[in-house]
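Have a look at the structure below, then the notes.
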Amino acid sequence: TDTYPSLTRDPRFAKLTPEHVAFFKELLGQDSAVIDGVNANADADLEPFNEDWMHKYKGQCRLVLKPGSTEDVSKILRYCNENKLAVVPQGGNTGLVGGSIPVFDEIVISMGRMNTIHSFDEMSGSLVLDAGCILEVADQYVAEKGYIFPLDLGAKGSCHVGGNVSTNAGGLRLLRYGSLHGSVLGMEAVLPDGTVMNDMCTLRKNNTGYDLKQLFIGAEGTLGIVTKLVVQCAQRSPAINVALFGLESYEKAQKAFREAKLQLSEILSAFELMDGTSQRLVHKIRGGNKPLENDYPFYCLVETSGSNSEHDYEKLEKFLEDVMSNEVIADGVVAQDASQIKNLWSWREGITECIGHWGGTYKYDVSIPLSDMYSIVHEVKDRLSAAGLLGDTDKHPVVDVLGYGHMGDSNLHLNICVRRYDKEVEKVLEPYVYEWIEKRQGSISAEHGLGLAKKNYIGYSRSGTMIGLMKQIKTLYDPVGIMNPYKYI
Ligand code: FAD
Ligand code: MLT
Ligand code: ZN
């Protein structure tokens with residue numbers, strides 16, 4: 001489609017034959033574990049595996065394999081490696097950079113059947129589970145034991161923990177529980193030649209040599225397939241409080257964040273930013289009562305997690321009183337019960353889903369020092385207006401430009417909502433956005449990864465030396481190059 005970098009199929013890869021398919025059917029045994037578009041027309045069944053969550057990328061895969069065990073994965077990869085068949089690992093297919101979608105006829109290896117939770121240590125909080133477990137299922141499982149999964153994000157109902165680890169997803173709890181580089185204690189992964197790397201350590205400390213599993217965290221399926229994980233879960237806080245407030249400027253949002261860290265310190269568990277445009281969008285699409293009566297250019301959502309509800313609530317109220325009386329915030333509301341907490345969060349978590357309303361979005365997921373973080377939204381809006389591309393009529397491809405994100409982690413999601421994808425829009429945005437980030441020593445991919453969308457732009461955030469080292473690692477682990485080709489490396 002229009003959104004693809006121009007690519008040609010790598011002739012080194014073999015084309016699928018009925019003999020290949022017969023091998024996989026024999027291996028996986030049951031019909032439902034193979035979707036075969038080689039011997040039959042299976043377009044409708046293949047479609048969900050060939051298209052991403054945003055309906056932006058479309059692949060041409062003719063075969064989906066659903067392994068049921070690490071041994072299956074190992075045999076599949078060994079065969080693919082020997083026969084030069086390219087593969088794309090796929091979890092819940094909620095990734096936002098086109099990484100989980102084949103580009104040409106790569107085989108999709110879909111991990112959903114590997115979804116067993118193996119064990120949980122109630123003393124240490126270490127959870128052993130398959131890569132194909134759904135994030136929300138894992139979180140609910142540990143919640144029953146008083147623990148919390150260290151990651152939460154809007155796609156929790158369908159993304160897999162293996163996909164989360166492979167993208168090194170950040171999400172809504174990173175401020176409190178840190179990145180998956182710290183929470184993943186152990187991993188089992190299968191290399192392209194079928195070798196099983198077993199590093200299923202369940203302990204927090206393990207300094208015996210190189211920490212190889214770290215390479216797979218954020219590798220986006222380019223080194224091997226993650227099959228099992230050990231995840232350090234934290235004690236779930238019995239007292240959660242959430243407040244949402246409106247602010248007159250981005251400067252005031254920064255002051256509110258500073259003040260929240262000072263006053264809420266150890267109980268602060270999330271600090272999220274939403275601009276007025278994003279909240280008007282959610283209201284327009286979903287309706288319902290707005291949390292605050294008036295409209296503001298900015299909103300922040302603050303969550304506290306502690307052990308004493310009354311004490312935490314008092315602290316949060318006192319914080320709100322202070323920032324209100326100092327005119328840092330213009331208005332605010334504190335959730336009174338669990339359903340109001342969920343409702344306030346939905347104004348933040350619901351943005352991603354509402355964004356696709358008109359047709360599509362150009363997504364930029366960037367880290368920039370906080371002082372500069374929001375100004376890119378204004379600058380991009382001005383550029384698109386000056387180019388005559390942003391407006392209210394069908395003639396204008398761009399509907400609006402909005403920004404929101406994980407303010408506590410200096411991570412902004414800049415979204416350009418479009419009626420249709422358009423090369424003219426793309427030319428105004430790229431490489432301008434990437435150059436803007438590079439000038440500020442930011443990251444062009446804070447948490448979503450590079451996938452296909454950003455494959456040509458890695459150089460804006462990584463030096464030639466680092467890219468060279470990455471290529472060496474890729475060649476070492478995947479010398480034939482079958483793992484998720486055409487993507488960022
Ligand atoms: P997929 O989309 O299936 O795959 C993602 C990548 O990982 C691909 O490159 C794929 O090849 C690879 N992969 C998948 N499974 C494996 C495996 N077992 N072994 C090796 N490679 C594998 N991201 C954030 O960081 N923070 C957010 O707050 C956030 N919110 C989101 C909200 C919504 C509504 C949506 C749709 C997405 C959001 N995301 C967010 C994007 C995020 O990357 C994914 O939701 C999630 O981490 C991907 O998991 P998945 O199982 O869907 O992976
Ligand atoms: C989020 O923070 O909501 C996610 O990263 C998804 C998005 O960027 O829209
Ligand atoms: Zn995010």
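The values are calculated or read from the model by the stated rules, or taken from the named source; none is laboratory data. All values derive from a computational prediction rather than experimental measurement. Reconstructed Cβ throughout: ideal geometry from the backbone, glycine too, with neighbour counts over all protein chains shown. These accessible areas exclude ligands, DNA and RNA; they are computed on the full protein's heavy atoms, side chains included. Shrake-Rupley method; radii C 1.70, N 1.55, O 1.52, S 1.80 Å.
In the chain, the DSSP beta bridges split such that about 90 percent are antiparallel, to the nearest 5. For Phe23, the accessible area of its heavy atoms, probed at 1.4 Å with every protein chain present, is near 70 square angstrom.
Loop-located trypsin sites (Lys or Arg not before Pro) across the range 55-123 with a Cβ neighbour count of 15 or fewer within 10 Å are Lys84, with loop assigned by DSSP. Ignoring aspartates and glutamates fewer than eight residues from Lys381 along the same chain, the ones with Cα atoms less than 17 angstrom from its Cα are Asp275, Asp365, Asp372, Asp392, Asp400, Asp422, Glu424, Glu426, Glu430, Glu435. Add +1 for every Lys or Arg and -1 for every Asp or Glu among the other residues with Cβ under 13 Å from the Cβ of Gly170, and state the total. Within the 13 Å Cβ shell, the charges total -3.
Accessible area per residue was computed with a 1.4 Å probe on protein heavy atoms; Ser445 scores about 30 Å². What the phi angles of the range 259-273 give under the Karplus curve with 6.51, -1.76 and 1.60, with θ = phi - 60°, is a coupling list of 5, 4, 5, 5, 7, 9, 4, 5, 9, 5, 10, 7, 9, 10, 10 Hz, glycine and proline written as x. Its relative contact order, with pairs defined as Cα atoms under 8 Å and 6+ residues apart, puts the chain at 15 percent. Based on C-alpha pairs under 8 angstrom that are at least 6 apart in sequence, the range 352-489 has a relative contact order of 26 percent. The ratio of the alpha-carbon radius of gyration of the range 358-489 to the globular-protein estimate 2.2 N^0.38 Å is 1.16. The range 221-291 to the range 418-442: how many Å between their Cα centroids? Between the Cα centre of the range 221-291 and that of the range 418-442, the gap is 26 Å.
For the chain, the Cα-based Rg and Dmax, in that order, read 23.0, 74 Å. Count Lys and Arg as plus one, Asp and Glu as minus one, and take only other residues whose Cβ is under 13 Å from that of Ala335; the net charge is then -2. Seen from Lys255, the other residues with C-beta closer than 12 Å to its C-beta sum to a net charge of -2, counting Lys and Arg as +1 and Asp and Glu as -1. Spacing of the modelled spin labels on Glu430 and Thr116, each 7 Å from Cα toward Cβ, amounts to 4.2 nm. Counting heavy atoms of the protein chains alone, Tyr374 has an accessible area of about 10 Å² for a 1.4 Å probe. Taking each of Lys342/Lys439; Lys439/Lys487; Lys56/Lys252 in turn, the alpha-carbon distance tops 30 angstrom for Lys342/Lys439; Lys56/Lys252.
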